[in-house]
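The values are calculated or read from the model by the stated rules, or taken from the named source; none is laboratory data. Predicted model, so just to flag it, every value in this text is computed and none were measured. With ideal geometry, Cβ positions are generated from the backbone for all residues, glycine too; neighbour counts draw on all protein chains shown. Please note that ligands, DNA and RNA were not included when accessible areas were found on the heavy atoms of the full protein model with its side chains. Shrake-Rupley method; radii C 1.70, N 1.55, O 1.52, S 1.80 Å.
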Amino acid sequence: MKRFFPRPRLAGLLCALALPAWAAFTDNGDGTITDTSTGLVWDKCSRGQVWDNATPPGTCTGTASTHDWAAALAQATAANAASHRGQADWRLPNRTELESLVQINANNPAIDGTHFPATPYTWYWTSTTYAPGPANAWVVYFGNGYTNAGSKTGANHVRLVRSGQWFGAFDVLDVAAPVLSALGVTGTTSTATTLQATSNEVATGYWIAVPQGSAAPTAAQVKAGVSYGAVTVVAAGNGAMAAATPASFAVSGLSPSTPYTLYLVAEDGANNLSATPSSIDVTTLSAAVNGACGSASGVASATAPASNLCVAGASTVVTGSGGAWGWGCNGASGGSNAACAAAYASQSLSIGASPTSIFVGYTSTITASSNAGLPVALAGSAHCSVSGTTVTGTAVGTCTVTASQAGTGDTGASRYQAAANASVNIGVAAVPPPPPSGPDPVDGACGASHGQTLLATPQTSLCRSGTASAVSGTGPWAWTCSGQYGGTSASCSAAAAGSYAVQVITMFAGYMGRPAGVSGQAYYENHMIQSAGNFRILVDDFFKSDEGQALYGGKNVSAQIKQVYQLLFSRQPLAAGLEYWTRQVTQGVISVPELAYTAAYNAASADTAVLNAKRRAALAFTQALGSNPLYSSAYNSNLALGRAYLACVKSDASAAAVIAQLPTIMKSLLAGAASYSCP
């Protein structure tokens with residue numbers, strides 16, 4: 001906030017002093033004006049403006065900038081560093097100097113507009129501090145020539161001056177540099193300290209830190225804050241100093257256990273700088289070392305860790321207790337300690353039985369082991385007894401044999417945690433009566449669906465011989481092929497394709513119109529797993545691929561959408577749907593690959609049935625490729641056969657028909673056939 005102290009217009013003062021009514025100016029032709037009455041050389045333009053002399057007499061263009069008082073003083077420093085107008089002795093004018101520019105017969109602005117064009121008629125800073133209130137400095141209002149005391153945090157304009165100085169009777173100038181006292185340091189750490197000092201007047205303090213024993217700097221070198229001669233300035237800075245009040249300067253960026261000398265100078269608002277720097281020595285503390293666990297921490301181990309215990313600090317002795325190895329990494333020089341631990345090694349059990357179906361009174365042999373080589377205990381449930389590794393059926397039902405390993409506890413050179421139990425089931429049946437005379441026994445044998453990865457519950461190809469039971473489970477699935485005439489039964493199963501696998505199959509079938517290759521299916525499944533189901537790579541890769549460009553490039557949006565519908569559902573889109581999707585793609589709401597994905601997972605039941613048939617046939621094709629590396633190699637150069645194959649699928653029946661021909665199709669791939677006739 002400005003305090004208003006109206007001053008008389010210059011006319012009366014100038015008359016009293018028998019001076020001319022206002023200055024006599026000479027244009028130097030280089031963007032400066034010389035006042036021949038005072039010898040002062042002025043910048044024609046306010047800071048922020050640019051002198052444009054393209055059309056004489058020229059003008060100042062652009063917008064004059066505003067600054068607080070400290071920044072206004074810094075404008076002179078910046079101008080000198082840049083050799084503004086070819087000179088390096090610019091300064092912020094004091095009150096007397098700036099008042100000499102006021103033109104008493106002019107208003108808004110009250111200045112010679114010919115020599116100082118485009119001058120804003122507002123407040124301009126001087127370098128003169130307002131003595132009754134040092135938080136303020138004198139400002140001149142070029143609307144009418146009045147002067148005020150303005151807060152140094154306010155924003156005002158700046159005009160710079162250089163050369164000779166007019167020592168008129170308007171002001172008593174401040175020519176004394178600030179006096180520094182009570183220099184000290186506090187809060188010294190390994191990399192920082194705080195420099196303290198008191199100035200007898202409002203000033204800006206400038207400090208540097210140099211290695212102890214370095215040549216002493218001049219006051220100007222301290223203010224510059226950069227390396228001088230052969231001396232490297234380690235740290236430098238500045239800050240405000242209130243009058244007769246201790247000021248603190250944070251000094252950082254120092255090295256541990258290192259002696260430094262700190263130098264300090266002060267400069268007041270009249271640009272009076274300390275003649276000789278004040279100095280004080282300080283030595284930083286040793287760096288604290290915090291203990292930190294090494295890479296052995298957190299890694300299960302059968303034996304006590306002996307290396308990589310600590311990355312910082314000294315390790316203690318490793319001991320084992322409560323199922324884990326433990327040790328410490330002790331810090332130094334006041335640093336903290338770290339507690340480290342690594343669990344005993346884990347172990348896993350495996351168990352098997354041969355055979356897994358016995359009669360009452362008959363036996364089966366158990367094979368069980370720990371991957372740690374520790375002894376395994378066996379226990380049997382009802383319907384059997386266990387002796388050593390031999391199981392004897394005692395009653396009709398299911399005998400469950402469980403293997404366990406309790407771990408080593410906290411003893412021994414090698415230590416393991418308890419293992420999760422493993423078990424195996426053995427079916428116990430009644431001893432069959434002697435077979436009657438008649439047909440020879442027929443053993444049950446699993447059909448083609450056994451061992452496959454399927455999209456839905458298997459309905460066909462369950463048994464190659466014997467009678468199929470009902471299929472149980474929701475994926476994986478299990479069923480039995482019962483023997484006939486006393487023949488043995490076979491246990492069969494099939495795995496379910498995961499949801500990510502189905503998405504990959506869907507995109508290959510619905511956008512590329514073909515089954516995936518073995519490596520392509522695996523690559524995109526793994527990506528979906530790693531990215532928690534982000535199908536964006538499918539959409540982006542398919543859109544940018546050479547294959548996608550060959551299938552869809554050159555076609556208009558409507559034709560591309562029709563092709564997607566044909567590949568997904570073996571039909572053309574309805575007119576309303578085609579119109580809607582065409583508009584969405586054209587407007588960039590969705591891409592064609594995204595449309596294929598969206599349509600597949602939002603289809604009506606009839607379309608879903610067709611798509612599921614295509615998925616089933618595509619999966620069977622990819623699995624057939626995986627049965628022989630030569631098939632995959634041949635498919636990479638003959639994708640057309642896969643498209644011809646999948647184009648035949650329009651229902652479950654047609655899917656079953658083409659799947660049945662896969663052995664022949666694989667041979668056709670090896671022979672280089674590029675076409676396929678639907679069955």
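Scan the range 488-505 and tell me whether some residue there is over 20 Å from PHE569 (Cβ atoms), assigned to a loop (DSSP other than H, G, I, E, B), touching a residue at least 24 places away in the same chain (Cβ under 8 Å) and open to solvent by 50 Å² or more (accessible area, probe 1.4 Å). Yes, because at least one residue in the range 488-505 is over 20 Å from PHE569 (Cβ atoms), assigned to a loop (DSSP other than H, G, I, E, B), touching a residue at least 24 places away in the same chain (Cβ under 8 Å) and open to solvent by 50 Å² or more (accessible area, probe 1.4 Å). Taken over the range 377-413, the residue count meeting the criterion of being loosely packed, with under 15 Cβ neighbours inside 10 Å and under 30 Å from VAL318 (Cα atoms) is 6. List the residue pairs whose Cβ atoms are under 6 Å apart, where the first residue sits in the range 654-678 and is in a helix (DSSP H, G or I), the second is open to solvent by 50 Å² or more (accessible area, probe 1.4 Å), and the two are 6 or more positions apart or on different chains. So the pair list comes out as ALA655/ARG616; ALA657/PRO679. Selection of strands (runs of 3 or more DSSP E) fully inside the range 347-441 by the criterion of at least 3 residues being in contact with a helix residue (DSSP H, G or I) (Cβ under 7 Å, 6 or more places away or on another chain) returns nothing.
Strands (runs of 3 or more DSSP E) fully within the range 290-340 that include at least 1 residues being closer than 28 Å to PRO256 by Cβ: 310-312, 324-330. Of the strands (runs of 3 or more DSSP E) that lie entirely inside the range 30-131, those containing 3 or more residues that are in contact (Cβ under 8 Å) with a residue 40 or more places away in the chain span 32-35, 40-43, 59-61, 123-129. Residue check: SER227 meets all listed conditions (1) more than 30 Å from GLY133 (Cβ to Cβ); (2) open to solvent by 60 Å² or more (accessible area, probe 1.4 Å); (3) in contact with a Pro (Cβ under 9 Å, 6 or more places away or on another chain) but one, namely (3). Taking only pairs six or more apart or across chains, which ones have beta-carbon atoms under 6 Å, a first residue in the range 373-399 that is without any contact (Cβ under 8 Å) to a residue 12 or more places away in the chain, and a second residue that is surrounded by 13 or more Cβ atoms within 10 Å (Cβ to Cβ) and part of a strand (DSSP E or B)? These pairs meet every condition: SER385/THR392. The single residue among ARG583, ARG571 that is in a helix (DSSP H, G or I), more than 24 Å from ALA660 (Cβ to Cβ) and open to solvent by 30 Å² or more (accessible area, probe 1.4 Å) turns out to be ARG583. Filtering the range 654-670 to residues that are closer than 16 Å to LEU639 by Cβ and either in contact with a His (Cβ under 9 Å, 6 or more places away or on another chain) or open to solvent by 60 Å² or more (accessible area, probe 1.4 Å) (or both) leaves only LEU670. Looking at the structure I just gave you, is ALA599 open to solvent by less than 40 Å² (accessible area, probe 1.4 Å), more than 22 Å from ALA495 (Cβ to Cβ) and either in contact with a Gly (Cβ under 9 Å, 6 or more places away or on another chain) or part of a helix (DSSP H, G or I) (or both)? So ALA599 passes the test.
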